[in-house]
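The values are calculated or read from the model by the stated rules, or taken from the named source; none is laboratory data. Please read these numbers as outputs of a predicted model, since none were measured by experiment. Cβ placement follows ideal geometry from the backbone for every residue including glycine, while neighbour counts extend to all protein chains displayed.
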Amino acid sequence: MKKQFFAVAGALTLTIAGFSVGSMISSAEAQSAGNAPVILTISRAQLIQQSKAGKGIPDKAEKVRESIQRELESEAEKLTKEIEDFQKNSSLMSEEVRQQKQQELMGRQQYGLPQQAQIMERAFGTAVQQAQAKILVESQPIIADIIKNRGATIVLDSADVMYAATDTDITQEVLSALDRKLDDVEVEQISLAQIMKQIEDLQKSQQEASNN
């Protein structure tokens with residue numbers, strides 16, 4: 001899970017860095033040559049929302065969410081069954097065993113299930129962000145070619161620009177090339193068992209590291 005979060009963050013950082021670092025280098029060269037900067041704009045939001053690959057993300061994400069919901073409902077049903085069994089058999093247990101089991105079931109009901117839901121919601125968000133990041137990463141070579149062909153020195157996200165002439169916007173040009181290059185991205189299928197196993201393994205490794 002931790003690796004997944006770092007993977008998404010790294011992909012998004014790479015995307016941003018691709019604009020800013022390249023722009024700074026080109027700008028420095030242009031200034032040294034005494035040329036005025038050539039500014040282009042692009043909407044990364046539109047690349048995600050309007051590209052062929054991006055348009056397929058919501059439906060795929062919804063299927064993943066439905067799968068997660070079924071898993072969480074199954075966990076809730078299992079816990080309900082355990083509580084019912086406990087209530088039927090508690091009179092046969094010793095006081096100590098009964099109290100321990102009651103505390104365990106109450107803890108799972110009050111904290112365990114809500115925590116699992118929160119964990120899966122974060123994992124789901126990460127899976128969607130990873131799919132979106134793939135689109136932005138795949139757009140980088142296309143943007144680089146346009147920058148080179150137009151002799152651009154600065155590329156800005158249009159969301160951060162109050163006004164720009166329409167001929168500076170390369171979004172549609174990038175979209176056209178991107179659709180020819182990439183028509184589909186997957187939203188990773190995740191399961192509660194998988195995520196909880198990753199968390200358990202991480203906790204074990206942290207415990208081992210603290211003991212060494």
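Tabulated values for the structure
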read-out	value
Residues located in the range 166-197, provided they are within 17 Å of the chain's Cα centre (by Cα) and not hydroxyl-bearing (Ser, Thr, Tyr)	Asp184, Val185, Glu186, Val187, Glu188, Gln189, Ile190, Leu192, Gln194, Ile195
Conditions (1) touching a strand residue (DSSP E or B) at 6+ places or on another chain (Cβ under 7 Å); (2) at pLDDT 95 or above; (3) buried (at least 17 other Cβ atoms within 10 Å of the Cβ); (4) among the aliphatic types (A, V, I, L, M); number of the one not met by Leu178	(1)
Residue among Ala164, Ala144, Ala131, Ala127 that alone is in a helix (DSSP H, G or I) and either of a type in the set (Asp, Glu) or surrounded by fewer than 18 Cβ atoms within 10 Å (Cβ to Cβ) (or both)	Ala144
Helices (runs of 4 or more DSSP H) fully within the range 49-108 counting 3 or more residues that are modelled with pLDDT under 95	57-89, 95-107
Sole residue being out of contact with any Leu (no Cβ under 7 Å at 6 or more places or on another chain), surrounded by fewer than 11 Cβ atoms within 10 Å (Cβ to Cβ) and either touching a residue at least 40 places away in the same chain (Cβ under 8 Å) or not aromatic (Phe, Trp, Tyr) (or both), chosen from Glu84, Glu62	Glu84
Criterion violated by Ala193 - all others in (1) among the hydrophobic types (A, V, I, L, M, F, W, C); (2) in a helix (DSSP H, G or I); (3) at pLDDT below 95; (4) surrounded by 18 or more Cβ atoms within 10 Å (Cβ to Cβ) satisfied	(4)
Residue count for the range 89-120, restricted to those that are under 18 Å from Ser74 (Cα atoms), free of Cβ contacts under 8 Å to residues at least 24 places away in the same chain and among the basic types (Lys, Arg)	0
Selection status of Ala159, farther than 30 Å from Arg70 by Cα, in contact with a Lys or Arg (Cβ under 8 Å, 6 or more places away or on another chain) and surrounded by fewer than 18 Cβ atoms within 10 Å (Cβ to Cβ)	yes
Failed condition for Glu188, given (1) closer than 15 Å to Val64 by Cβ; (2) charged (D, E, K, R); (3) loosely packed, with under 14 Cβ neighbours inside 10 Å	(3)
